[in-house]
1. Send over the Kirkwood Rh of the chain, from the inverse of the averaged 1/r over different Cα pairs, rounded to one decimal Å.
2. Using only the Cα atoms of the stretch 400-445, each taken as one equal point scatterer with no solvent, compute I(q) by the Debye sum, divide by I(0), and report log10 of the ratio at q = 0.15, 0.30 Å⁻¹.
3. Okay, helix-only estimate at 222 nm for the chain: each DSSP H run of n ≥ 4 adds -39500 (n - 2.57), divide by all residues, round to 500 deg cm²/dmol; what do you get?
4. For the stretch 247-348, with all protein chains present and a 1.4 Å probe, just round the carbon and sulfur fraction of the accessible area to a whole percent.
5. In the chain, with Lys and Arg counted as +1 and Asp and Glu as -1 at Cβ, which of these residues, Leu203, Phe104, Ala137, has the Cα nearest the positive end of the dipole, that is, farthest along it?
6. Angle check, please: helix 344-353 long axis (alpha carbons) against the longest principal axis of the chain (alpha carbons), in degrees 0 to 90, nearest 10.
7. Once phi is turned into ³J(HN,Hα) by the Karplus curve 6.51 cos²θ - 1.76 cosθ + 1.60 with θ = phi - 60°, what whole-Hz value does each residue of the stretch 173-180 show in order, with x for glycine and proline?
8. Equivalent-ellipsoid semi-axes (√(5λ), Cα gyration tensor) for the stretch 300-345, whole Å, largest first?
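The values are calculated or read from the model by the stated rules, or taken from the named source; none is laboratory data. Model, not experiment: these values are computed from the prediction. All Cβ positions, even for glycine, are placed from backbone atoms using ideal geometry, and neighbour counts span all protein chains on display. SASA here: full protein model, heavy atoms, side chains in, ligands and nucleic acids out. Shrake-Rupley method; radii C 1.70, N 1.55, O 1.52, S 1.80 Å.
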Amino acid sequence: MTRRTGLFAGAAATAGMLVPGRVLGANGKLNVGIVGAGGMGRMCVGVSGGQNIVAFADVDAVRAAPSYQKHPNVPVFTDFRKMLDKHHKELDVVLISTPDHTHFASTLAAMERGLHVFTQKPLTHDIWQARTLQKAAHQYGVKNVMGNQGRCFDGIRQIKEWIDAGLLGDVTEVHAWTVRPYPGWGSPDGPFPRPKQPIPETLDWDNWQGPVPHRDYNECYLPNNWRAWWDFGNSAMGDIGCHLLDSVYWACDLTGPVSVNSEADVFNEQVTGRDGIVRFKYPARGKHVPLTVHWYEGGLKPDVPEGFDYGTELPNEGILIKGTKRTIYHPGIRADNPVILMSRKDWYTFRKTELPEPTIPRLKSKSPVAELFNAIKGGPKVGSDFDYAAPLTELCCLGGIARRTGKQLDWDPEKMEFKDASLNKYIKAPVRKGWDAGEDLWRQR
C-alpha cells in the first residue's frame, strides 16, 4: 500500500488509476457530497439545493444540525473518509468547508477518487500542501475551485482592466487592512497547552484534529477560535488574505521571489498576536515594476489618503492600490465596488467617459460553487482553480510565517525554500501517523 492508500483505505481500489465521477447525476443534477455542513458549509448546502445531495460529513453535530434538518434523508458521517469509502462511486463533486488544517486531507481524498472539488479559502494550511494539491489537480484531471467568492465579482475584473489599461500608471504600493482577528481569538496569553476538558458527546474531537499532532480538548478552540492557533489556522492573513489580496494578486502578478517581514509587539509559536503589520516586497515582474504590499490586521490601518472623499476615516476593511498616476480604493474584503480616488463628482464623470470597455467576461452567478457546477456541466473554466489558488494561498502562508516568527523571509519559489534555512520547517507542517498523504505525487517530479 502506498502512503496515499494507507491514509485513505477506500482509495486502495483506485490507486494508480482515475475513476472519474459521472458527468451528471439523475435528471441533469450533480451528485454532491458535503464535508463540513455547519458554518460556511451551510452556504454550500444552499447553493446545492438544485443538485442532489448524497451525503454529509461533519465532526460537530450541533453546528451541522441546521443542514441535517433541512435534508433529513441524507446520510450523515463524522469521518469524511468513511463517507467517501461508501459513496464515492455515486458522487460527482465534493464541497469542503472544514477548518484550514483539514482542507488538504479531505480535498486530496476526493481528488484521488476522481471527484471534482470545491475547497474553502485558504486552499491549505501550509505551502507544501498547496503545491501538492496543484499537482494533484493535474494528476487526476478533476475540476476544482477555491472559495474566494470575490474572484467571481465584477469589481475584481474592473480592477484588472483598469490596471491593464494603464489608468494607474505603474503600481508601486498596496495597502490592505482588516479588523480581524475578532475579539476572542488572536491572543498571545497562556497557559500553553490549555487544560484538558471533557469532550462534548456531539463532537468527534479526534477527527476534528485530523492530521495535527494530538492535543487535549478545550472549549477555547471551537467553534471559530481555532484560527488563533498556528496548528489549525494562519492568523488573519489566512482567514481573509485570499479575499483582500485577490485583486492585486491577479492584476499585478504577485508570484515569484518575495521578501516578507512583520512588525508586532508579540511573536508566539502557539497563537497569533492581536495585531500586526506584514510587508511583502516584490521585484520587477514582466511588465510590472517593483511593488510593496502592506498588510495590516487587528484594527491597524494605513493613513487616510489625501483628498479621500468617502468618509473621515477608512472602514474596518479595505484596500488601496497606488500607482504613479492614480489610486484604486475599495471597502470591504472583496472587490465589489472599486473606485479610482478623486472627488465623487469627478469620479462620476470619469467613469462615464474615461474607463475602458470591459474585456473580461462577467459571471451571472457570484458563487464559486455555482461556477464549479457550471464548469462540470460543460461551462467555462472557473477563475480560481488550483493553478490560481495555490500560489495565492502560498502568499498568505508566507504572511502567516512572518507573523508567527517575526523573522525576515527571503523566499525562493523555484527551490521552494527560504534563504534562512531555519524557516524551512514551516513549509510543511508535521502530521500524525496515518495522515501522511501526498508524498507519492512528489516522487513523480
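1. Working: mean 1/r = 0.0442 Å⁻¹.
About 22.6 Å, per the Kirkwood formula over Cα pairs.
2. -0.52, -1.10
3. On the way: 14 runs with 130 residues, N = 445.
Computed mean residue ellipticity for the chain: -8500 deg cm²/dmol.
4. On the way: 2180 of 4800 Å².
Accessible surface attributable to carbon and sulfur in the stretch 247-348 totals 45 percent.
5. The Cα lying farthest towards the positive end belongs to Ala137.
6. Approximately 80 degrees, to the nearest ten.
7. Once θ is set to phi - 60°, the couplings for the stretch 173-180 become 8, 10, 10, 10, 9, 9, 6, 5 Hz.
8. Numbers: eigenvalues 45, 32, 26 Å².
For the stretch 300-345, the semi-axes come out at 15, 13, 11 Å.
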